[in-house]
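**Q** Structure below; questions to follow.
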Amino acid sequence: MKKLALVLAALIALGGMAFASGGGQSSGGGSSSGQVQIALLMRNIDEQFLKDYSESVRKLAAEKNVALNVQDARSDGATQLTQLQTLLNQGYKYFVIVPCVSELSEQMNQLIQAKGGAAAYSNIQPTVDALKVGKNFFFASSPEFVGGRYQGQLIADYFDKNPGKAPGKAVNMLLILGQLGHPAQVNREAGLLAELKTRGYTVNIIARDTANWTPDQSQQKMDAWIAAYRGKFNVVAAQNDGMALGAVESLIQNGFTKSDSSDGTTLTVPVLGIDATQDAINSMKENKLYATVLQDAVGQSASAFDVVYQIASGTYKAGNAAGGTPAATTPIDEAPANDASIIGQCYLVPFVPVDKNSTYYKTH
């Protein structure tokens, strides 16, 4: 964080610096007279959920004739700060942001506020103090604890239907985590374990480690775990679909398959993810992945884009719905939507559990 603070100080001092590429991609950065300009700052477009999110914003911008500039920070906070300052210097004031880290959100908002701009955040939460910088800063995302609870619900439902696979209601879990310390990693895990406890299951974590949201790292991790713990686990929970699909591939290659899919999967051990990407749905249709939880990339991006567009076009009023999602009115347990003073700046897009009985599964 010291490095990032130094970078921020340098950016403020060198406001006229030239654009630093930093893995950035731009589309329609200029604008004709009167055309709304919005910049999309992405943590890492290589992740499937974030790729879907960015594509949704591109479509929304085209529909509204917005000049959209898209930047990819490649998961580097210093790069994202550079991109923000450069865009501000180029005249951009309105931003949709998937930040690299929560801790930078207040500093980013102070820079935007100094230019009279606005921003909406998704996926990684801004801090409460970041939203308190001004009423023109927003959170448009999904409560991660709830996503974890839904994953726990799907696991409990599976073992309720197949009690012989969890004797004594014991869930022996391999848990594949996202980036350690990421709000989604922390809250999804907490929600998962809380739900299984509520449903009367004893959870034994056989192995738990990060695969940093990537399928390749997940598959490698699973290969090692299978060698060490074969026969000792009865479920694999991954904190996103990419990692879940990496686990599926490892199980297939290591012989964890059966001909009968009456329990919803041809794997001998169910694997569950979160996000409900199309790749995950396709895997479910092939009877591989057992279930997932919809994190609505389209819903989140629509809410974030719409509230920023309303600000930019002068149509925003406090309490307006955005992208079909109403402004929140009641605080929840998860930051930043746990603070009553900024709850109206939060748009909470619901998670949805997805199994083969789900409408989302049947329509995708």
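**Q** When you go through Asp306, Asp355 one by one, which is the residue that is in the same structural domain as Ala61 (by the TED database), surrounded by 17 or more Cβ atoms within 10 Å (Cβ to Cβ), over 18 Å from the mean Cα position of the chain (by Cα) and not hydroxyl-bearing (Ser, Thr, Tyr)?
**A** Among Asp306, Asp355, only Asp306 is in the same structural domain as Ala61 (by the TED database), surrounded by 17 or more Cβ atoms within 10 Å (Cβ to Cβ), over 18 Å from the mean Cα position of the chain (by Cα) and not hydroxyl-bearing (Ser, Thr, Tyr).
**Q** Just wondering, is there one or more residues in region 187-206 that are in contact with a Pro (Cβ under 9 Å, 6 or more places away or on another chain) and either closer than 30 Å to Arg230 by Cβ or surrounded by fewer than 17 Cβ atoms within 10 Å (Cβ to Cβ) (or both)?
**A** The answer is yes, given that some residue of region 187-206 is in contact with a Pro (Cβ under 9 Å, 6 or more places away or on another chain) and either closer than 30 Å to Arg230 by Cβ or surrounded by fewer than 17 Cβ atoms within 10 Å (Cβ to Cβ) (or both).
**Q** Tell me, which residue of region 166-221 that is more than 16 Å from the chain's Cα centre (by Cα) and among the basic types (Lys, Arg) is nearest to Ala337 (Cα to Cα)?
**A** My answer is Lys197.
**Q** Can you find, within region 310-325, the residue that is surrounded by the fewest Cβ atoms within 10 Å (Cβ to Cβ) among those that are polar (S, T, N, Q) and in contact (Cβ under 8 Å) with a residue 24 or more places away in the chain?
**A** The extreme case among them is Ser313.
**Q** Looking only at region 207-225, count every residue that is aliphatic (A, V, I, L, M), closer than 18 Å to Val171 by Cβ and surrounded by fewer than 24 Cβ atoms within 10 Å (Cβ to Cβ) and tell me the total. Lay out the reasoning, then the answer.
**A** Just the residues of region 207-225 that are aliphatic (A, V, I, L, M), to begin with: 207, 211, 222, 224.
Of the ones still in play, those that are also closer than 18 Å to Val171 by Cβ are 207, 222.
If we keep only those that are surrounded by fewer than 24 Cβ atoms within 10 Å (Cβ to Cβ) as well, we get 207.
Count: 1.
**Q** Another one. Limited to region 243-301, what total is found for residues that are under 19 Å from the mean Cα position of the chain (by Cα) and assigned to a helix (DSSP H, G or I)?
**A** Qualifying residue count for the region: 13.
**Q** Is there a residue in region 327-342 that is at pLDDT 95 or above, touching a helix residue (DSSP H, G or I) at 6+ places or on another chain (Cβ under 8 Å), more than 30 Å from Tyr92 (Cα to Cα) and not in a loop (DSSP other than H, G, I, E, B)?
**A** No: region 327-342 contains no residue that is at pLDDT 95 or above, touching a helix residue (DSSP H, G or I) at 6+ places or on another chain (Cβ under 8 Å), more than 30 Å from Tyr92 (Cα to Cα) and not in a loop (DSSP other than H, G, I, E, B).
**Q** Moving to a separate point now. If you check Val236 against the conditions, is it outside the structural domain of Glu47 (by the TED database), part of a strand (DSSP E or B), of a type outside the set (S, T, N, Q) and touching a Leu at 6+ places or on another chain (Cβ under 7 Å)?
**A** Criteria met by Val236.
**Q** Another question about this same structure. Would you check which residues across region 56-87 are surrounded by fewer than 21 Cβ atoms within 10 Å (Cβ to Cβ), more than 19 Å from Gln310 (Cα to Cα) and aliphatic (A, V, I, L, M) and list them?
**A** Ala78
**Q** Checking Asp209 against (1) within 30 Å of Ser141 (Cβ to Cβ); (2) assigned to a helix (DSSP H, G or I); (3) among the charged types (D, E, K, R), which single condition isn't satisfied?
**A** Single failed check for Asp209: (2).
**Q** Is it the case that region 132-152 has a residue that's of a type outside the set (A, V, I, L, M, F, W, C) and farther than 30 Å from Ile342 by Cβ?
**A** So in region 132-152, the residues of a type outside the set (A, V, I, L, M, F, W, C) come out as 132, 134-136, 141-144, 147-152.
Add one more test, that the residue is farther than 30 Å from Ile342 by Cβ, and what stays is none.
No, region 132-152 has no match at all.
**Q** Mind counting the residues in region 110-169 that are of a type in the set (D, E, K, R), over 21 Å from Val98 (Cβ atoms) and in contact (Cβ under 8 Å) with a residue 60 or more places away in the chain?
**A** Residues that pass the stated criteria total 4.
**Q** Can you go through Phe233, Phe305 and tell me which one is over 29 Å from Asn123 (Cα atoms) and among the aromatic types (Phe, Trp, Tyr)?
**A** Phe233
**Q** So, in region 326-352, how many residues would count as being surrounded by 12 or more Cβ atoms within 10 Å (Cβ to Cβ), in contact (Cβ under 8 Å) with a residue 60 or more places away in the chain and closer than 23 Å to Gly191 by Cα?
**A** Of the residues in region 326-352, the ones surrounded by 12 or more Cβ atoms within 10 Å (Cβ to Cβ) are 326-328, 331-332, 334-339, 342-352.
Okay, now just the ones that are also in contact (Cβ under 8 Å) with a residue 60 or more places away in the chain, so 332, 334-339, 342, 345-352.
Within this subset, residues satisfying the condition of being closer than 23 Å to Gly191 by Cα are 332, 334-339, 346-352.
So the answer is 14.
The values are calculated or read from the model by the stated rules, or taken from the named source; none is laboratory data. Predicted model only: the values in this text are computed from it and were never measured. A quick note on method: Cβ atoms are made from the backbone with ideal geometry, for glycine too, and the neighbour counts reach across all protein chains shown.
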